[in-house]
Amino acid sequence: MSASSSFRSVRRNLPYIRSELGALVGNLSLSVKSICICVICSYMLSHWQPAVDALSVTPGHLLPPSLRVWTLLTSPFLEIHLWEVCVDIITVGLCGKLLEPLWGAKEMIFFFVLVNLSVSLSSVGYYLFLYSATSDPDILFEIQIHGLAGYIAAVSVAVRQIMPDHVIIRTPLGKLTNRNIPLTVLTVLIITWAIGLLEGVYCTMFATGILTSWIYLRFYQRHSNGSKGDIAESFNFASFFPNVLQPPISVLSNSIFGIFVKVGCCRKPIKRFADASGPSSIQISLPGSDPSDAERRRQKALKLLNERMNAGSRDSESKRPLIPPQRPEKSNRIGGPSSPAHSMTSSLSSPSLQMSGSSHSLMNISNSPSSQESVVNIPVSNIKASDI
């Protein structure tokens with residue numbers, strides 16, 4: 001009975017779902033649609049093993065004498081499992097919504113081609129290294145590299161660069177932000193491979209996708225203002241790891257970068273700051289943050305300031321008493337104090353203190369803490385000089 005009712009509800013909402021999917025697909029760009037169509041068509045061909053062999057990158061067949069170089073272009077679109085196809089389509093659609101409006105269609109296509117080529121070549125180099133260490137021919141001819149696992153990792157790195165502090169989910173252990181996604185997903189993939197639920201090629205492609213995309217975004221991507229890369233401290237290689245592991249990883253990564261700079265593969269980034277306050281423009285070259293990094297820090301500081309101000313206003317409202325304190329009414333007497341102790345002190349020091357030579361004379365002290373008036377008679381003989 002419940003199954004039939006759920007089926008009727010799905011059938012009733014089917015036009016709405018169809019319209020929403022149509023609107024979503026209609027808003028995607030031509031490049032995103034083309035990639036999704038190629039992935040779906042390749043998945044249909046994956047049920048035929050000769051097609052899989054012809055479209056996948058095999059480390060042994062990429063080298064002479066086979067030289068199947070075309071597989072570097074066809075392997076990203078080939079997926080064997082349906083869940084991989086769904087993940088690829090969602091990732092490419094997310095890239096079209098987040099990255100393409102900021103980068104443009106040309107830069108997004110270039111990023112797609114560059115990452116997939118780099119992932120395929122890096123994975124082939126990794127398996128050639130394993131073959132040289134183990135002399136196992138199955139590593140060269142049985143392992144097949146295909147799919148968009150490396151591109152999925154690259155998209156996670158790019159989203160981390162754009163929105164590093166965006167909260168994805170809140171857990172009892174803490175917040176999961178875009179800053180934690182690449183390493184967290186890689187750790188989950190390694191665990192699933194260790195228990196036999198995932199192929200090791202997927203983990204290799206994901207790891208190389210993180211590394212190659214970070215290198216491109218960090219040092220080589222050109223921006224509209226003429227700058228290259230993103231050398232912000234929040235985007236260095238050590239920031240991908242937990243705080244406990246960042247110091248040793250920072251030392252290691254800085255040493256490797258220094259070697260590449262000496263060899264000539266990389267150039268040490270130089271920042272230029274213009275001082276227009278004087279009569280002439282002065283440019284100072286310093287290692288530091290670029291304008292995009294400064295703007296990112298300014299936005300983060302404004303966000304933190306707004307959160308603290310809102311938290312302070314909520315705390316002040318919670319500490320405010322429900323019944324406001326009543327202000328004491330002012331005395332109608334001239335010079336009348338607002339408290340009894342102060343009234344007695346001022347009355348003793350004022351000319352209103354009437355003393356006579358007799359020890360039985362009395363002193364009148366006026367006190368009006370409220371609307372009522374009270375008179376206190378104190379014998380002068382009982383007042384000591386120290387009390388006055």
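The values are calculated or read from the model by the stated rules, or taken from the named source; none is laboratory data. Computed from a predicted model, the values in this text were never measured in an experiment. FYI the Cβ positions are ideal-geometry reconstructions off the backbone, even for glycines, and counts take in every protein chain you see. Remember, those area values only see protein heavy atoms, side chains included, never the ligands or the DNA or RNA. Shrake-Rupley method; radii C 1.70, N 1.55, O 1.52, S 1.80 Å.
Look through segment 201-212, keep the residues that are under 21 Å from the mean Cα position of the chain (by Cα) and free of Cβ contacts under 8 Å to residues at least 60 places away in the same chain, and return whichever of them is surrounded by the fewest Cβ atoms within 10 Å (Cβ to Cβ).
Going through the qualifying residues, I end up with Ala207.
Residues Leu82, Leu94, Leu78: which one is crowded, with 18+ Cβ neighbours inside 10 Å and of a type in the set (A, V, I, L, M, F, W, C)?
Being crowded, with 18+ Cβ neighbours inside 10 Å and of a type in the set (A, V, I, L, M, F, W, C) holds for just one of Leu82, Leu94, Leu78, which is Leu78.
Being open to solvent by 100 Å² or more (accessible area, probe 1.4 Å) and in a helix (DSSP H, G or I) is the filter; apply it to segment 260-277 and report the residue that is modelled with the highest pLDDT.
Looking at the filtered set, the residue picked out is Lys262.
Based on this model, can you work out whether Ile109 counts as of a type in the set (A, V, I, L, M, F, W, C), over 22 Å from Leu211 (Cα atoms) and surrounded by 15 or more Cβ atoms within 10 Å (Cβ to Cβ)?
Considered against the rule, which asks whether it is of a type in the set (A, V, I, L, M, F, W, C), over 22 Å from Leu211 (Cα atoms) and surrounded by 15 or more Cβ atoms within 10 Å (Cβ to Cβ), Ile109 comes out as no.
Kindly state which helices (runs of 4 or more DSSP H) lie completely within segment 8-74 and contain at least 1 residues that are in contact with a helix residue (DSSP H, G or I) (Cβ under 9 Å, 6 or more places away or on another chain), modelled with pLDDT of 90 or more and open to solvent by 80 Å² or more (accessible area, probe 1.4 Å).
Where helices (runs of 4 or more DSSP H) fall fully within segment 8-74 and carry at least 1 residues being in contact with a helix residue (DSSP H, G or I) (Cβ under 9 Å, 6 or more places away or on another chain), modelled with pLDDT of 90 or more and open to solvent by 80 Å² or more (accessible area, probe 1.4 Å), they are 30-45, 71-74.
Is there any pair with a first residue in segment 62-77 that is within 27 Å of Ile89 (Cβ to Cβ) and a second that is part of a loop (DSSP other than H, G, I, E, B) and of a type in the set (A, V, I, L, M, F, W, C) whose Cβ atoms are under 8 Å apart and which are 6 or more apart or on different chains, and what are they?
Pro76/Leu148; Phe77/Leu148
What number of residues within segment 97-106 satisfy the criterion of being surrounded by fewer than 15 Cβ atoms within 10 Å (Cβ to Cβ) and on the phi < 0 side of the Ramachandran plot?
5
Looking at Ser123, Ser224, which is the one that is of a type in the set (S, T, N, Q) and at pLDDT below 90?
Exactly one of Ser123, Ser224 is of a type in the set (S, T, N, Q) and at pLDDT below 90, namely Ser224.
Cβ contacts < 6 Å: first residue touching a residue at least 40 places away in the same chain (Cβ under 8 Å) and farther than 17 Å from Cys266 by Cβ, restricted to segment 231-250; second residue open to solvent by 40 Å² or more (accessible area, probe 1.4 Å) and assigned to a helix (DSSP H, G or I), any location; separation 6+ or different chain. Result?
Cβ pairs passing all conditions: Phe240/Leu183.
Of everything in segment 126-168 that's within 30 Å of Leu304 (Cβ to Cβ) and of a type outside the set (A, V, I, L, M), which residue is modelled with the lowest pLDDT?
Of everything passing the filter in segment 126-168, Asp165 is modelled with the lowest pLDDT.
Return the pair list, or none, for Cβ contacts closer than 8 Å from residues in segment 117-132 that are free of Cβ contacts under 8 Å to residues at least 40 places away in the same chain to residues that are assigned to a helix (DSSP H, G or I) and surrounded by fewer than 20 Cβ atoms within 10 Å (Cβ to Cβ), at least 6 apart or on different chains.
Every condition considered, the pairs that remain are Leu130/Ile139.
Can you name every residue in segment 144-200 that is in contact with a Phe, Trp or Tyr (Cβ under 9 Å, 6 or more places away or on another chain), crowded, with 20+ Cβ neighbours inside 10 Å and closer than 20 Å to Val124 by Cβ?
Ile145, His146, Gly147, Leu148, Ala149, Gly150, Tyr151, Ile152, Ala153, Ala154, Leu189
Regarding segment 228-236, can at least one residue be identified that is assigned to a loop (DSSP other than H, G, I, E, B) and on the phi > 0 side of the Ramachandran plot?
Scanning segment 228-236, I find at least one residue that is assigned to a loop (DSSP other than H, G, I, E, B) and on the phi > 0 side of the Ramachandran plot, so the answer is yes.
Might you let me know whether segment 242-255 holds any residue that is under 25 Å from Leu121 (Cβ atoms), modelled with pLDDT of 90 or more and surrounded by 14 or more Cβ atoms within 10 Å (Cβ to Cβ)?
Yes; the residues of segment 242-255 include at least one that is under 25 Å from Leu121 (Cβ atoms), modelled with pLDDT of 90 or more and surrounded by 14 or more Cβ atoms within 10 Å (Cβ to Cβ).
In segment 71-109, what count of residues is obtained for those that are under 30 Å from Leu197 (Cα atoms) and over 22 Å from the mean Cα position of the chain (by Cα)?
The number of residues fulfilling the criteria is 18.
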